[in-house]
1. Evaluate the Kirkwood expression for the hydrodynamic radius of the stretch 52-139, namely the inverse of the mean inverse distance over all pairs of different C-alpha atoms, and round to one decimal in Å.
2. Taking the convex hull of the alpha carbon atoms in the stretch 309-354, what volume per residue do you get, in Å³?
3. In the chain, if every C-alpha pair distance is counted and binned at 10 Å from zero, what percent goes to each bin?
4. Listed highest first by mean packing, meaning other Cβ atoms within 10 Å per residue, what order do 314-322, 137-145 come in?
5. To the nearest 500 deg cm²/dmol, what mean residue ellipticity at 222 nm is calculated for the chain from DSSP H runs of n ≥ 4 alone, each contributing -39,500 (n - 2.57), summed and divided by the residues?
6. How long is the gain from residue 78 to residue 392 if the chain were fully straight, where each residue apart is worth 0.36 nm and the alpha carbon distance is subtracted?
7. How much length, in nm to one decimal, is gained on full extension between residue 304 and residue 279, taken as 0.36 nm per residue of separation minus their Cα-Cα distance?
8. Please report the equivalent ellipsoid semi-axes of the stretch 196-329, computed as sqrt(5 x eigenvalue) of the Cα gyration tensor, largest first, in whole Å.
Amino acid sequence: MYQNKTFLLLLSNNFFSSIGFGLQAFVVTWLAYDITQTASAIGTVLAISTIPRILLSPFIGVLVDIWNRKKTIVVVQFLRSLLLIIIPLAILIDSLNLLILYVVTFLWNVVDRFYMPAFKGLMKELLTNDELLKGNTSLNVTFQIGMIIGTAIAGFLFEYIADVFAVFFNSILFIIAAISILSIRQRKNNTLKKKNTIEFHDFFVQLKSTAKYLSARKIIVLFGCLVALNEFVIQIVNIIMVPYVTKILAEGPATLSLLEGIFAVGSIVGGLCLIRIIKLMGRRNFIWMSIAALGGLLCLIPVTKSILIIGTVMFFLGAVALQSRTLFSTIILEKVDNNFQGRVNSIINMFISLLGAFIYSIIGKLGEVISIQIIIYLIGMFVILCSTIGILINKLELMEEKEIGSIDTKQISD
């Protein structure tokens, strides 16, 4: 697989994009907080980012399944670059405000909605089902390496040079990512791509067929919910760390960048160990134990103000978060036919956004009323509760399987 030039080009695109993502996540959250000095502004930015996912994801999924996926990714990367230029220009003329940040965030996420469904579909075109877990792990590890570089660059530029350079550099990265994917050769195996255009009523026909497809495959829905829970934990960490670092730890952007970098390092280590851990534990046991671990680690954050201990927690949070996300998304890739990849992934994103828009806005407001520590405890306990329910259901299913097996064995012997 690693000798496949096409897959290496996909890795290259993923690497440069991930550096850009690291910069983008740091820039938007820090600027929002810097302008208002409130956690609610970060929650609002994240809530705005979910609007395109809620309103447009189903329709975008249909388009991604029809359009050429490689060309879609290239166009998305160039549009990302152009949108990012708006922020440094506004800073240079001393006009940056929340409205500009909100508009750029909204447009960015409209464009971004095309990227992941197209990327997932293209990855399934390039790899066999047996290669998906290893390939998905490699892509996620590469992504986290880029995130480390991106957050480190962002923290350095914000702390010692200027925020303008951070955003300009970010814009260039997405252009490089677009160029790196232009040489990829695709397999022409997507039957939906026989149509070059689509009528408005066709959207609803395709969405209806997707709903029917998912209703017959409830395992995909289950893992879509688990992906949503995983993403919820990751986004919560993004929300709470800015006010936690500044108000509780009384530190600046360099410390925030360090902790986010440690989170990314943990993700890399977790990704490298994933296949071995799954072989030892089995997929079924790992699924719910990883969710329980995420909740438990969240509950440890408010216990101390020690940067060393918090850094350790962030390391293991990153490891478990990447492991569970990689496994859940791989199972979805394995189970979903490639002709439905765009639509299924878009619907999962829409579900994540519906949940996120509600939760993030509440958390942002709660941060102004109750302590950040209490919020973190409540979220951690909620995640642990979800995993406990999953573990109980898993045990009941295993008991039922043993009972059915023993009955079948008895009937055979009789």
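Read-outs: derived from the displayed coordinates by stated rules, not from any lab. Since the model is a prediction, treat every value here as computed from it, not as a measurement. Ideal geometry is used to build each Cβ from the backbone, glycine not excepted, and the neighbour counts take in all protein chains shown.
1. It works out to 14.7 Å.
2. Spelled out: Cα convex hull of the stretch 309-354, divided by residues, is 71 Å³.
3. Going from the shortest bin to the longest, the percentages are 5, 21, 33, 26, 12, 3, 1, 0, 0.
4. 314-322, 137-145
5. Taking each H run of at least 4 residues, the total per residue is -29500 deg cm²/dmol.
6. Computed gain between residue 78 and residue 392 is 108.3 nm.
7. Once the chain is fully extended between residue 304 and residue 279, it gains 5.5 nm.
8. 35, 20, 13
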